[in-house]
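Working notes for the structure below.
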Amino acid sequence: MARHGGGRGWYGKVFGAALGVAMLAAGASAWSAQAGVVGGPSPKATAPVSAGSDGKPVAVTIAHASDKGARGVNITIDDGPDPVWTPQVLDVLREYGVKATFCMVGTQAQAHPELVKQVVAAGHRLCDHSVSHDTTMDKQSQAYQSQQILDAERMITEASGGVRPMYYRAPGGAFTPYSRKLAASRGMRPLGWNVDTKDFERPGTDAIVATVERELPNGPTLLFHDAGGDRAQTVEALRRILPQLKEQGYSFGFPVR
């Protein structure tokens with residue numbers, strides 16, 4: 001999610017609970033780099049179409065390009081999963097045969113593991129979006145950044161049934177050299193965006209669509225949200241944008257790793 005205002009964002013109100021969960025799992029923050037769920041053998045996901053990260057180090061630079069090349073577009077969905085809006089987003093993506101990258105908040109993944117599994121089973125990719133969506137991550141200690149990134153990785157992996165996130169997107173884009181290096185060492189490519197659709201502000205479906213049309217020349221990675229409030233405008237905007245871009249000759253892919 002883009003940095004909308006100061007503070008810790010709408011997840012700030014649940015940070016205390018998230019930190020409590022993280023403290024209970026403090027020992028897991030130093031878990032081994034082998035593939036699979038922390039602290040045990042690698043469980044198998046339920047026939048996922050898209051595999052997760054293999055845990056091998058990747059580039060530390062922030063990814064924006066698409067694996068589909070110059071006419072590629074990356075759909076990225078932040079802040080979920082949400083029991084109301086994630087299923088609707090999945091339905092629209094399925095309708096138009098589009099795969100996306102879901103940047104999940106650890107506490108949300110932990111609360112809704114069935115949705116994480118649905119995302120994986122549909123062939124989409126997972127992205128670590130921290131434990132509690134703290135948009136001041138770049139002002140926090142390295143220990144705090146590590147806890148937020150590694151505990152979210154564990155929560156998402158466990159919720160998915162063993163499929164690890166392939167990317168790390170800092171809340172509000174609050175990357176640091178340390179967080180990028182840590183994520184990359186875990187096989188999670190730092191992930192940016194080129195087009196912030198501003199859907200989080202609920203400007204209206206027409207405005208969201210117009211932002212994509214105006215700013216797509218800036219680059220292929222589009223930022224949408226499936227949590228944090230009423231996302232009806234996002235769902236409708238995707239329903240209009242996806243076929244429109246296909247008609248214009250774009251292909252939908254994943255961010256490069």
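The values are calculated or read from the model by the stated rules, or taken from the named source; none is laboratory data. Just so you know, these numbers come straight off a predicted model, no measurement behind them. Virtual Cβ from ideal backbone geometry, glycine too; neighbours counted across all protein chains shown. For the accessible areas, the whole protein counts, side chains as well, though only heavy atoms, and no ligand, DNA or RNA atoms are used. Shrake-Rupley method; radii C 1.70, N 1.55, O 1.52, S 1.80 Å.
Which whole-Hz couplings ³J(HN,Hα) result when phi for each residue of the range 123-130 is put into the Karplus expression 6.51 cos²θ - 1.76 cosθ + 1.60, θ = phi - 60°, listed in order with x for Gly and Pro?
x, 7, 9, 9, 9, 7, 10, 6
First check a/c for the range 93-133, with a ≥ b ≥ c the square roots of the eigenvalues of its C-alpha gyration tensor; if it is under 1.5, answer rounded, and if not, answer prolate when a/b is larger than b/c or oblate otherwise. Show your work: numbers first, answer last.
Values: a/c = 2.98, a/b = 1.81, b/c = 1.64.
Judged from the Cα gyration tensor, the range 93-133 comes out prolate (a/c at least 1.5, a/b above b/c).
With both partners inside the range 67-219, how many of the DSSP beta bridges are antiparallel, as a percent to the nearest 5? Please list the in-between numbers first.
Working: 0 of 11 bridges.
Close to 0 percent.
Run the simple label-point estimate for residue 54 and residue 230 please: 7 Å along Cα→C-beta, distance reported in nm.
According to this spin-label approximation, the distance is 4.7 nm.
What number comes out for accessible area per residue over the range 193-246 if the probe is 1.4 Å? Units Å², please. Let's see the in-between values first.
Working: 2050 Å² over 54 residues.
Each residue of the range 193-246 exposes 38 Å² on average to a 1.4 Å probe.
For the range 70-154, what does the accessible surface come to per residue with a 1.4 Å probe? Please give it in Å². Write out the running numbers ahead of the final one.
Values: 2470 Å² over 85 residues.
So the range 70-154 comes to 29 Å² accessible per residue, rounded to a whole number.
Relative to a virtual label point 7 Å from the Cα of residue 64 in the Cα→beta-carbon direction, which members of the range 202-218 show backbone nitrogen distances below 12 Å?
Under cut-off, by backbone N: 216-218.
Modelled label-to-label distance, residue 95 and residue 185, 7 Å Cα→beta-carbon offset: nm?
With each label point 7 Å from Cα toward Cβ, the separation is 4.5 nm.
So which of 198/246; 56/117; 56/198; 139/198 end up more than 32 Å apart by C-alpha? Write out the running numbers ahead of the final one.
Details: 198/246 22 Å; 56/117 23 Å; 56/198 34 Å; 139/198 24 Å.
In this structure, 56/198 exceed 32 Å between Cα atoms.
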